[in-house]
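The values are calculated or read from the model by the stated rules, or taken from the named source; none is laboratory data. Given the structure is predicted, the values throughout are model-derived calculations rather than measurements. Counting neighbours? That spans all protein chains shown, and the Cβs are built from the backbone with ideal geometry, glycine included. Side chains are part of the model used for accessible areas, which takes the heavy atoms of the whole protein and leaves out ligands, DNA and RNA. Shrake-Rupley method; radii C 1.70, N 1.55, O 1.52, S 1.80 Å.
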Amino acid sequence: MIKNYKILFSFLFVLVGLFSFQQTQAQLEVTGGLTNEQLAEVLVGNGVMISNIQEVTCPEGASGVFNGEFTNLGLDEGILLTSGNINNAIGPNDDIGVTGTSMDPDVPNSDPDLDMIAIAGTNDACILQFDVTPFGDTLTFNYVFASEEYTFYVDQFNDVFAFFISGPGIDGPFSNNAINIALIPGTDIPVTINNINNEDNSEYFVCNGNPDDTCNPYDPADINSTIEYDGFTTVLTATVPVIPCETYTLKLAIADDLDNAFDSGVFIEAKSLSVNVISISATTTFTTVEGFDNTVEGCVDGIITFAIDEPSEEDIIVEYTLGGTATEGLDYTIATPSIIIPAGSTTADLEITTIE
């Protein structure tokens, strides 16, 4: 399959709130007490705009930001949503069942969409919801799901989370016809404790804190472990095709299944909510003078480089529009009206040949 991009080149800069952390070697850092706007803005990356940020419906202490640069989490920083307390995520993994629970009457204790994924009803739900407008055709972000339910309670307590998205072109079984995009790569299977663990889809699972890697929760803890949770996924990517410039509603949710015990958490990478923005730059075939980027009629040809941040699994066709006073066929020629960035690559060059 080939993606087709018809674009006007423009740049969107989103100011992201920055939070300072004190970095400690091999230690997860968490900070709570942030507003819903601050949490959502941490996620904003290339080519997206957020709006209509809803109030965070989480128990007190269940949401915040993290710094995992010196941990084995795989993510340097971002936001953390839990079914308990963010402080319970801090390692080492020296407790087989850390639990933070809230029965706050002002906070929804369950979520009907997560109930459709869990084995039984959900508790201690933590939800962040906002609208996102993508300026590209594929929206992505990176995350890690972790839980104290690993591995003893696999197939018994299926603590769940999901990333629900609704909007133009989406027709799913959840509220507002939303779909869940937190899926095992290459499948339509949701990421849960029962679906990713040391036996099922184990290539996406990290057994945390057991020196002999047996995943037995009763084994002595590894004092060098940096995360409390008994297990977590590798870094996964949520991906969904979207219509550029349309507005979608994104609902990030996590909850305990059946009971209120044993925390689970989802780490979402900062600035990873993005689209694969195409940028352009100009050079020439005349390379002996630094900074010279002008074509010269009959003498110096031009090179336009199209670039994306991350390689795609498919060829990307870029259709471009040229402007100016020069006339194609009289002053210059181009090889093709579109350019292909091959699958697995991040750049492609277009040469503009001048005519004397």
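Tabulated results
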quantity	calculated
Per-pair calculated FRET efficiency, R0 = 30 Å: Glu69 and Thr305 via Cβ, rounded to 0.05	0.40
Heavy atoms of Ile243: accessible area, 1.4 Å probe, square angstrom to 10	80
Sum of side-chain charges, Glu356 neighbourhood, beta-carbon under 13 Å (Lys, Arg +1; Asp, Glu -1)	-3
Under 12 Å, Cβ to Cβ, from Phe163 - net charge with Lys/Arg +1 and Asp/Glu -1	0
Whole-Hz ³J(HN,Hα) from phi, Karplus 6.51 cos²θ - 1.76 cosθ + 1.60, for segment 47-54, glycine and proline x	x, 9, 10, 10, 7, 6, 6, 7
Cβ-defined net charge surrounding Ser51, 13 Å radius [Lys, Arg +1; Asp, Glu -1]	-4
Exposure of Ile339 as accessible area (Å², to 10), given a probe of 1.4 Å and all protein chains	20
Amide hydrogen neighbours beyond the local backbone of Val160, cut-off 5 Å, H modeled	Ala255, Asp257
